[in-house]
Amino acid sequence: MKRKLRFGMIGGGRGAFIGSVHRIAALMDGQAQLVAGAFSSDPARSRASGADLMLSPDRVYDNYREMAVAEAALPVDRRLDFVVIVTPNHQHYLPAKLFLESGFNVVCDKPVTFNLAEARRLRETVRKSGKVFALTHNYTGTAMVKQARFLVRSGRLGKIRKVVVEYPQGWLASRLEASGQKQAEWRTDPKRSGVAGSMGDIGTHAENLVRYVTGLRIAELCADLTSFVPGRKLDDDGNVLLRFKGGAKGVLMASQICVGDENGFNLRVYGDKASLEWHQEYPGDLVVKYPDRPRELWRHGNAYLDQKAAKLARVPPGHPEGYLEAFANTYREIFRAIAADVEGHRRPPRLDFPTIDDGIDGMLFIETVVKSSRQGARWVKFPDR
C-alpha cells in the first residue's frame, strides 16, 4: 500500500474500554488511520466522541446505518477500507452484515455475535461478499503464543495428552453492575451479552487459545456454570471438562469472581515427550519442561525462536511487550488481507488471524457449555460447524 488504510468505528466512544484498545492497536504500526465513526447509540455521545478524536464532523454519524449509506456514497479516494465493530454482543450482527453487503471489510470484537444462529447467517454473508472478516481474539497475536503453537505443531511435545487452560478474574466478585459501571452492566445482561456471562466473555478466549496452539478440536464436554453473586442473571464462574478428538483430555476454567485475581489467563499443554506453559500476565515468557532435564525458559524477542514468533518483537529482548502489542500484531496481519482487497490482489497465503470460522467455533462452545450445565453437567457432544 502506498497510503494508510482508512477505517471507521462502530461503538467505542466515551466510557468504552475496548474501543480505545482497538484504536491504539490499529494505529501502532502507522498503517491505518481512523477517519469516521458512529461511536454510540446516543447521537450526542457519538458526536462528542468524534470531537474527542478530532475527526471531521461530517464523518461522525448518529448511527451505523447512516454511516454505511454515507460512506458507501463517497468517492473511492475517501471511502473507508474497513470498519471496526466494538459494541456489546447484541449489536455485532446487524452492523457487520450491513457493512459487508455495502462492500466494506469488517473487523469485529469477540464473541462474534449474540448467538449461534446469527453467527451462521453472518458466515454466509461473509462468503457472498468476498470481503475480509476478522475477529479479534487478540491473545493469538502474542509472540510466545506463536512459539507455543510452533513447538506443539512441530512435534516437540510429542502426542498431546492433556490441556489445562484457566482464566480467573476477580472484578465481578461483587454486584458491580448495580453501581452503574458500564462494562459490568452489559456483560451481566442476557439481553446484551447472550446466554453466557464469564464463559462468553473470557471462556471463549480460553477455548480459542487451546484450539490455536494445539489444533485440537473438542469432541464432547461437561460443564458446570454458577452465578455466585446474588441477583446476577448470567454465570460468573464456570468449569468445563473436555474430551478432544484423538483422545486428549482437558480442563477449562473461566471465572470472574476469583477475588484478588486480575487477568490470570494461563495455558498448560502436556505431551508424552515434553510440556509447556504460558501465563498472560508474563506474556514474554514460555516455559518448556522435560522428564529428564531442567526446564527451559524461552524469552520474547530472541533469535532462537521460530521465525514467526521472532519477527513479532518490536523492541530488543528484555523490554516488555504484552496485551496492546498482541492486539497490534493481530491487526498487522489483518491489514495484509485488507490491503490486498483494496488493491484488487489475491490475498496472501497463510494469513494468521481469527476469522468467521473461529467465531462460529466460539459460539458453538458457548451454547454447548450452557446446554451441558442446564442438563445438570451432563456430557454433551460438540457440534460441527
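The values are calculated or read from the model by the stated rules, or taken from the named source; none is laboratory data. No experiment lies behind these values; they were computed from the predicted model shown. Ideal geometry is used to build each Cβ from the backbone, glycine not excepted, and the neighbour counts take in all protein chains shown.
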Test E325 against the criterion of being in contact with a helix residue (DSSP H, G or I) (Cβ under 9 Å, 6 or more places away or on another chain), closer than 17 Å to C108 by Cα and either acidic (D, E) or at pLDDT 95 or above (or both), and give yes or no.
no
Cβ-Cβ under 6 Å pairs, at least 6 apart or on other chains, segment 365-381 side buried (at least 19 other Cβ atoms within 10 Å of the Cβ), far side among the acidic types (D, E)
F365/E207; S373/D224
Take segment 279-313 and flag every residue that is in contact (Cβ under 8 Å) with a residue 60 or more places away in the chain and either of a type outside the set (A, V, I, L, M, F, W, C) or under 17 Å from F327 (Cβ atoms) (or both).
Q280, P283, G284, D285, H300, G301, D306, K308, A309, L312, A313
Return the residue satisfying two criteria in turn: it lies in segment 187-203 and is part of a loop (DSSP other than H, G, I, E, B) and among the aliphatic types (A, V, I, L, M), and of such residues it is surrounded by the most Cβ atoms within 10 Å (Cβ to Cβ).
A196
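Go over the candidates E207, E185 one by one and state the one that is free of Cβ contacts under 8 Å to residues at least 12 places away in the same chain and within 21 Å of H92 (Cβ to Cβ).
Unique residue meeting the criteria: E185.
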Just one of K182, K146 is within 30 Å of E281 (Cβ to Cβ), buried (at least 24 other Cβ atoms within 10 Å of the Cβ) and not β-branched (V, I, T); which is it?
K146
Filtering segment 219-264 down to residues that are among the β-branched types (V, I, T) and closer than 20 Å to N208 by Cβ, which residue is surrounded by the fewest Cβ atoms within 10 Å (Cβ to Cβ)?
V251
If the requirement is being within 20 Å of D352 (Cβ to Cβ) and part of a helix (DSSP H, G or I), which of these qualifies: A206, A178, A134, A184?
A206
Criterion violated by Y167 - all others in (1) under 17 Å from L286 (Cβ atoms); (2) crowded, with 21+ Cβ neighbours inside 10 Å; (3) touching a strand residue (DSSP E or B) at 6+ places or on another chain (Cβ under 7 Å) satisfied
(1)
Matching residues, segment 90-107, being within 11 Å of S129 (Cα to Cα), touching a strand residue (DSSP E or B) at 6+ places or on another chain (Cβ under 7 Å), of a type outside the set (A, V, I, L, M) and assigned to a helix (DSSP H, G or I):
F99
Restricting to segment 11-46, give me the number of residues that are touching a Ser or Thr at 6+ places or on another chain (Cβ under 6 Å) and under 15 Å from C108 (Cβ atoms).
2
